[in-house]
Amino acid sequence: MKTYLKRNTEKGFTLIELILVIALLGISVTVTNDILVSLIRSNNKTQVINEIEQQSNFVSLKIEKELRNARFVNTPLAGESGKTLVFQTRDGSTIQYDIDTDTGIMSRTLNAGTKYDLTSNAIPGGVVVSCGASNCFSVSGYNPQIINMNIIFTQAQPTPTSSYTGSISIKSTIVIRNTY
């Protein structure tokens, strides 16, 4: 007598195989998603830090360069709380730096002419300029004149829920060359 073996000719996946594939796919998507979110946050943080550093370096280097070659510096005006710095250059030009505490923008005026903004608080990439615990600018001494800067550059944010907030504090002491 011949015995015929019945072969399973139906092709397909079992339910267990499908559940395993779905579980492995879910785990790989979750891990990939976490890595991508981490990379995006890291990129955002780097962009914020770079923008703040660029604007703070630009402003501080510009002020320091002009102050080192100034003829003399006027003390900050009464009532200005040290947010204004006025000085005269060797060629006789008068330069004034102002920090507007309402908008957080630092501006520069040459010879009482047009005021130019040195910083921007526009989003994205803007910064807000403020003073530290003391005045932004203070003048001490007469021979030589010494200028102390204490300026804080903070990221301008659209909402307080941003993924990263950063700030840079510039504390600098500059001696006016022509006063000693």
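Any read-out appearing in this document is the output of simple, stated calculations on the displayed coordinates, not a laboratory observation. Given the structure is predicted, the values throughout are model-derived calculations rather than measurements.
Within the listed set Val31, Val59, Val86, the Gaussian network model of the chain (springs between alpha-carbon atoms below 10 Å) gives the highest mean-square fluctuation for Val31. Close lysine pairs were tallied over the chain: pairs 8 or more places apart or on different chains with Cα atoms under 27 Å apart number 12. Over the chain, the ratio between the Cα radius of gyration and 2.2 N^0.38 Å evaluates to 1.94. Entry note, the chain: the mean residue ellipticity at 222 nm calculated from DSSP H runs of n ≥ 4, each adding -39500 (n - 2.57), is -11500 deg cm²/dmol after division by the residues and rounding to the nearest 500. Between helix 15-68 and the chain, what is the angle of the helix's C-alpha long axis to the longest principal axis, kept within 0 to 90° and rounded to the nearest 10? Between the helix axis and the principal axis of the chain, the angle is about 10 degrees.
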